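Asker: Handing you this structure, nothing more for now.
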Amino acid sequence: MLEMQGISKIYRTDLIETHALRDISLKVGDGEFVAVTGPSGSGKTTFMNVAGLLESFDTGAYCLDGENVSRLSDEARSRLRNEKIGFIFQSFNLIPDLDIFDNVDVPLRYRGLAKKDREQRIVSALELVGLSSRMHHMPSQLSGGQQQRAAIARALAGDPRFLLADEPTGNVDSLMARQVMDLLEQINEMGTTVIMVTHDPELARRAHRNVHIVDGQISDFRPYEPRNEELLTDAGVAPVAVTMAPA
Amino acid sequence: MLGYYFQLAFRNLRRNPGLTALMIGAVALGIAVCVMTLTLYRAMSGNPIWWKNDVLYAVTLDAWDPNEPADDRRPELPPWQLSYRDAMAVMESGMPKRKLIMHKAIGVLSLDDRSVKPERALTRMTTGDIFAMFDVPFQYGGGWSESADQGPEPVMVISRAMNEKFFGGVNSVGRRIRWDDREFRIVGVRDRWQPLPTFYDLNNGSLEEGEDVYLPFGWTPQFEIWSAGNTNGWKQEEVNTFQDFLASELVWLQMWVELPDAGTRQRFQAFIDSYAMEQKKAGRFQRPLNNRLTQVDQWLIDNRVVGNDDRVLVGLAFAFLAVCLLNTVGLLLAKFLNNAAITGVRRALGASRRQVFMQHLVEVGVISGIGSILGLAFGGIMLVGLRALYTLDPTDTGGTQAIAHVDVTSVVTALALALFATIAAGLYPAWRIGRIPPAIYLKAQ
């Protein structure tokens with residue numbers, strides 16, 4: 001359902017051209033949990049931004065859920081982002097002067113849902129992450145782990161097909177990191193495709209497969225190895241092929 | 001979504017109260033100065049009797065010095081007042097529907113009741129058509145008849161303000177009052193009426209106070225009442241008595257006629273030209289024929305009621321508003337960019353550029369609305385301050401009082417101007433913030 005073919009992204013200034021992504025080709029199937037790893041500056045975040053339609057790309061083709069996004073208008077890309085993608089950021093990116101309820105409400109507002117429907121979704125999402133008792137707290141009144149769970153609730157409230165997580169455990173302690181990972185796995189088991197950027201090899205090992213990026217190119221990948229065949233079969237997730245661009 | 005945008009706008013305004021106050025203050029100040037200047041300009045430049053512009057004419061005749069014009073700066077114009085002999089001659093014509101001659105005078109009003117203090121009264125000596133010609137409103141009674149002019153009869157119209165001073169505001173029609181120790185009977189009480197500019201007599205500027213008293217012009221020669229306005233002449237003349245004054249070439253009377261149609265206007269023009277030709281034969285009117293019937297709007301232009309200084313002042317006020325708005329644009333940009341990270345989050349969560357633009361435009365609209373309302377209030381306060389500065393008598397209902405009144409047109413104009421200008425000023429910052437790629441701020445936050 002996410003398919004990139006020969007995607008390149010170049011940042012240009014008057015003096016320098018930086019090749020952030022070079023000829024990236026990747027397929028991610030429904031219900032997969034993919035970890036994207038690589039050293040700092042390797043292009044992981046650019047990859048996530050392009051995948052999340054936050055940035056355009058220079059060459060290549062990108063199909064999201066069967067739709068070619070290469071030539072979509074900003075309005076259509078925004079709608080697609082709103083309906084199909086949930087974002088989780090390292091620094092949570094909660095809006096500081098909105099309480100947790102209103103933070104989770106933000107993507108639902110842009111979808112134009114009715115008030116009652118929005119309220120139901122917000123409450124369900126906050127219950128899922130265990131924050132229903134804190135829905136009227138401000139972000140500053142929550143711990144780092146709670147803030148990240150609130151951000152996950154915000155990402156989930158719109159019932160997205162994709163969850164893109166950029167270093168989701170980067171700003172929480174190890175105990176909280178495990179809880180966040182447990183939550184992401186739980187979400188994945190419910191059928192949402194998860195793509196997670198991480199530096200942590202231990203967390204990366206918990207994904208179905210790893211994509212390693214170096215200098216903007218996929219340099220290595222670990223083929224799909226189900227952790228629990230029985231569970232995945234129950235969830236209806238089928239193994240998918242991963243292709244790497246020729247060097 | 002509009003309701004949501006308003007919620008966000010008010011929330012954002014509370015987030016940076018200092019910056020918000022600066023922006024609203026800048027808009028309000030610019031608007032206040034504009035409102036004040038526009039109000040003054042309108043008061044000074046508008047045609048206060050526009051609905052009769054096609055029928056009212058100021059009459060001027062050029063019997064001035066054969067060697068030089070009445071006004072070197074406007075040599076094409078005849079003097080703007082008439083001599084007594086010419087005014088009386090032209091008044092003989094039966095062509096105009098209405099006609100009047102008049103001049104300003106000063107008298108003292110008093111009652112037999114010594115407990116009421118006498119009052120200095122600005123007086124207009126006039127023929128009775130003035131009230132119908134200029135649509136003067138009455139609180140009680142009305143003007144006087146033509147026979148009262150001819151008599152003359154000892155009748156008087158007083159202003160509402162004088163009626164309140166002398167009679168406590170009750171209907172005083174039929175009561176008697178003394179003007180310079182001569183007794184008159186009140187036939188009418190003029191209601192509030194302050195045409196600005198005072199087009200009918202520009203003797204002492206265009207923002208002259210309204211008259212307290214109106215008396216039949218027939219009393220001027222009878223009581224030898226000298227003009228309290230300008231008297232101009234060009235010829236060496238012996239003026240030792242009031243009769244000398246009336247027989248002289250001195251100009252001191254204003255004359256207006258009401259001519260209902262173009263035909264009457266042409267015939268009346270021919271009449272005054274014919275009079276001038278007759279006078280030429282008698283050795284007067286030695287300048288080229290230059291007798292004019294001037295409509296009110298042209299009259300205000302000819303007499304430079306709105307000077308270049310006033311226009312420059314309006315220009316400066318708008319320049320000041322532009323500076324205030326430019327500052328507001330800068331502050332808006334700073335504010336929006338300061339919140340760019342949050343905008344980035346909203347974009348990531350599905351807000352389109354159009355939605356981000358609209359959200360920020362609503363915020364600009366809220367700032368503009370609050371700034372405009374405050375600006376109107378400040379403008380009103382400035383006008384009241386102006387009135388306090390230039391009006392010695394706080395109970396006077398004259399010109400400076402009237403200029404301190406913000407009329408509906410000025411308010412609507414200023415509001416429309418403020419909203420349009422501020423929203424126009426906010427378009428760029430709102431557009432700019434929508435164009436910023438969200439990814440830059442998501443990592444940085």
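Asker: Inspect all residues belonging to the range B:111-122 and state whether any of them is at pLDDT below 90 and β-branched (Val, Ile, Thr). Please lay out each step first, then the result.
Answerer: Initial filter on the range B:111-122 (at pLDDT below 90): B:112-116.
Now narrow it down to the ones that are β-branched (Val, Ile, Thr): B:116.
The answer is yes, given that some residue of the range B:111-122 is at pLDDT below 90 and β-branched (Val, Ile, Thr).
Asker: Let me ask something else about it. Just give me the residues in the range B:11-40 being surrounded by fewer than 18 Cβ atoms within 10 Å (Cβ to Cβ) and touching a helix residue (DSSP H, G or I) at 6+ places or on another chain (Cβ under 7 Å), in sequence order.
Answerer: B:Asn16, B:Leu19, B:Leu22
Asker: For A:Thr37, state whether it is of a type in the set (Ser, Thr, Tyr), within 14 Å of the chain's Cα centre (by Cα) and within 14 Å of chain B (Cβ to nearest Cβ).
Answerer: No: the conditions fail for A:Thr37.
Asker: Given the structure, is B:Gln222 touching a residue at least 60 places away in the same chain (Cβ under 8 Å), surrounded by fewer than 15 Cβ atoms within 10 Å (Cβ to Cβ) and of a type in the set (S, T, N, Q)?
Answerer: Values: touching a residue at least 60 places away in the same chain (Cβ under 8 Å): yes; surrounded by fewer than 15 Cβ atoms within 10 Å (Cβ to Cβ): yes; of a type in the set (S, T, N, Q): yes.
Yes: the conditions hold for B:Gln222.
Asker: I need the full set of residues from the range B:415-444 which are among the aromatic types (Phe, Trp, Tyr) and away from every other protein chain (no Cβ under 14 Å), in order please. Steps first, answer last, please.
Answerer: From the range B:415-444, those among the aromatic types (Phe, Trp, Tyr) are B:420, B:428, B:431, B:441; that's our starting set.
Scanning the range B:415-444 gives B:Phe420, B:Tyr428.
Asker: Please work out if B:Met156 is within 30 Å of B:Asn290 (Cβ to Cβ) and buried (at least 20 other Cβ atoms within 10 Å of the Cβ). First the steps, then the outcome.
Answerer: Working: within 30 Å of B:Asn290 (Cβ to Cβ): no; buried (at least 20 other Cβ atoms within 10 Å of the Cβ): yes.
Here the answer is no, as B:Met156 does not meet what is asked.
Asker: Taking only the range B:85-125 into account, find how many residues are within 25 Å of the chain's Cα centre (by Cα) and farther than 26 Å from B:Ala270 by Cβ. So that I can check it myself, show each step before the final result.
Answerer: At the first step, the residues of the range B:85-125 found to be within 25 Å of the chain's Cα centre (by Cα) are B:98-106, B:120-125.
Retained after the next criterion (residues that are farther than 26 Å from B:Ala270 by Cβ): B:103-106, B:120-125.
The qualifying residues number 10.
Asker: Test A:Phe92 against the criterion of being of a type in the set (A, V, I, L, M, F, W, C), closer than 30 Å to B:Asn16 by Cβ and either at the interface with chain B (Cβ under 9 Å from one of its Cβ atoms) or in contact with a Lys or Arg (Cβ under 8 Å, 6 or more places away or on another chain) (or both), and give yes or no. Outline the logic, then answer.
Answerer: Working: of a type in the set (A, V, I, L, M, F, W, C): yes; closer than 30 Å to B:Asn16 by Cβ: yes; either at the interface with chain B (Cβ under 9 Å from one of its Cβ atoms) or in contact with a Lys or Arg (Cβ under 8 Å, 6 or more places away or on another chain) (or both): yes.
Here the answer is yes, as A:Phe92 does meet what is asked.
Asker: I'm trying to understand the selection: among the residues of the range A:19-48, which are part of a helix (DSSP H, G or I) and in contact with a Leu (Cβ under 8 Å, 6 or more places away or on another chain)? Lay out the reasoning, then the answer.
Answerer: Residues of the range A:19-48 part of a helix (DSSP H, G or I): A:44-48.
Listed by number, the residues that qualify are A:Thr46, A:Phe47, A:Met48.
Asker: Are there helices (runs of 4 or more DSSP H) fully within the range B:201-308 with at least 3 residues that are in the same structural domain as B:Glu153 (by TED's automatic domain parsing), under 14 Å from B:Arg85 (Cβ atoms) and at pLDDT 90 or above? List them. Full working, then the answer.
Answerer: Working: elements: B:219-223, B:242-247, B:262-281, B:296-302.
Where helices (runs of 4 or more DSSP H) fall fully within the range B:201-308 and carry at least 3 residues being in the same structural domain as B:Glu153 (by TED's automatic domain parsing), under 14 Å from B:Arg85 (Cβ atoms) and at pLDDT 90 or above, they are B:242-247, B:262-281.
Asker: Can you tell me which of B:Val59, B:Val35 is within 23 Å of the chain's Cα centre (by Cα), touching a residue at least 24 places away in the same chain (Cβ under 8 Å) and not in a helix (DSSP H, G or I)?
Answerer: On the way: B:Val35 fails: not in a helix (DSSP H, G or I).
Going through B:Val59, B:Val35 in turn, the sole match is B:Val59.
Asker: Does any residue of the range A:51-71 turn out to be among the aliphatic types (A, V, I, L, M), over 23 Å from B:Asn12 (Cα atoms) and within 11 Å of chain B (Cβ to nearest Cβ)?
Answerer: Let us first name the residues in the range A:51-71 that are among the aliphatic types (A, V, I, L, M), namely A:51, A:53-54, A:61, A:64, A:69.
Narrowing further to those that are over 23 Å from B:Asn12 (Cα atoms): A:51, A:53-54, A:61, A:64, A:69.
Going one step further and asking which of them are within 11 Å of chain B (Cβ to nearest Cβ), we end up with A:53-54.
Yes, some residue in the range A:51-71 is among the aliphatic types (A, V, I, L, M), over 23 Å from B:Asn12 (Cα atoms) and within 11 Å of chain B (Cβ to nearest Cβ).
Asker: Among the numbered criteria (1) touching a residue at least 12 places away in the same chain (Cβ under 8 Å); (2) within 14 Å of another protein chain (Cβ to nearest Cβ); (3) out of contact with any His (no Cβ under 9 Å at 6 or more places or on another chain), which single criterion is violated by B:Pro48?
Answerer: (2)
Asker: Related question: Any residue at all in the range B:173-180 that's in contact (Cβ under 8 Å) with a residue 60 or more places away in the chain, in a loop (DSSP other than H, G, I, E, B) and within 20 Å of B:Asp86 (Cα to Cα)?
Answerer: No: the range B:173-180 contains no residue that is in contact (Cβ under 8 Å) with a residue 60 or more places away in the chain, in a loop (DSSP other than H, G, I, E, B) and within 20 Å of B:Asp86 (Cα to Cα).
Asker: Restricting attention to the range A:104-133, which residues are among the charged types (D, E, K, R), within 13 Å of chain B (Cβ to nearest Cβ) and more than 21 Å from A:Ile187 (Cα to Cα)? Walk me through it before giving the result.
Answerer: Pass one, the range A:104-133, residues among the charged types (D, E, K, R): A:105, A:109, A:111, A:115-119, A:121, A:127.
Narrowing the set further to residues that are within 13 Å of chain B (Cβ to nearest Cβ) leaves A:105, A:109, A:111, A:115, A:118.
Listed by number, the residues that qualify are A:Arg109, A:Arg111, A:Lys115.
Asker: Quick check on A:Ser91: is it among the hydroxyl-bearing types (Ser, Thr, Tyr) and closer than 22 Å to A:Val197 by Cα?
Answerer: Working: among the hydroxyl-bearing types (Ser, Thr, Tyr): yes; closer than 22 Å to A:Val197 by Cα: yes.
Yes: the conditions hold for A:Ser91.
Asker: Among the numbered criteria (1) surrounded by fewer than 22 Cβ atoms within 10 Å (Cβ to Cβ); (2) at pLDDT below 80; (3) under 41 Å from the mean Cα position of the chain (by Cα), which one does B:Gly369 miss?
Answerer: All conditions pass for B:Gly369, except number (2).
Asker: Return yes or no: is A:His199 modelled with pLDDT of 90 or more and either farther than 23 Å from B:Ala348 by Cα or assigned to a loop (DSSP other than H, G, I, E, B) (or both)? Spell out how you get there, then give the answer.
Answerer: Details: modelled with pLDDT of 90 or more: no; either farther than 23 Å from B:Ala348 by Cα or assigned to a loop (DSSP other than H, G, I, E, B) (or both): yes.
Considered against the rule, which asks whether it is modelled with pLDDT of 90 or more and either farther than 23 Å from B:Ala348 by Cα or assigned to a loop (DSSP other than H, G, I, E, B) (or both), A:His199 comes out as no.
Asker: Exactly one of (1) farther than 14 Å from A:Ile7 by Cβ; (2) facing another protein chain (nearest Cβ under 9 Å); (3) within 14 Å of the chain's Cα centre (by Cα); (4) not polar (S, T, N, Q) is unmet by A:Glu75. Its number?
Answerer: In the conditions (1) farther than 14 Å from A:Ile7 by Cβ; (2) facing another protein chain (nearest Cβ under 9 Å); (3) within 14 Å of the chain's Cα centre (by Cα); (4) not polar (S, T, N, Q), A:Glu75 misses (3) alone.
Asker: For the range B:372-394, enumerate the residues that are exposed (fewer than 15 other Cβ atoms within 10 Å of the Cβ) and either touching a Gly at 6+ places or on another chain (Cβ under 6 Å) or modelled with pLDDT of 85 or more (or both). Step through it out loud before you land on a result.
Answerer: If we filter the range B:372-394 for residues that are exposed (fewer than 15 other Cβ atoms within 10 Å of the Cβ), which is where we start, we get B:377, B:381, B:384-385, B:388-390, B:392-394.
Across the range B:372-394, the qualifying residues are B:Ala377, B:Ile381.
Asker: Within the range B:348-361, how many residues are surrounded by 21 or more Cβ atoms within 10 Å (Cβ to Cβ) and more than 7 Å from every other protein chain (Cβ to nearest Cβ)?
Answerer: 3
Asker: OK, next. Of everything in the range B:61-84, what is of a type in the set (A, V, I, L, M, F, W, C) and in contact with a helix residue (DSSP H, G or I) (Cβ under 7 Å, 6 or more places away or on another chain)? Give them in sequence order.
Answerer: Step one: list which residues in the range B:61-84 are of a type in the set (A, V, I, L, M, F, W, C), which gives B:61, B:63-64, B:70, B:77, B:80, B:82.
Hits for the range B:61-84 are B:Leu61, B:Ala63, B:Leu77.
The values are calculated or read from the model by the stated rules, or taken from the named source; none is laboratory data. All values reported here derive from a predicted model rather than from experimental measurement. Reconstructed Cβ throughout: ideal geometry from the backbone, glycine too, with neighbour counts over all protein chains shown.
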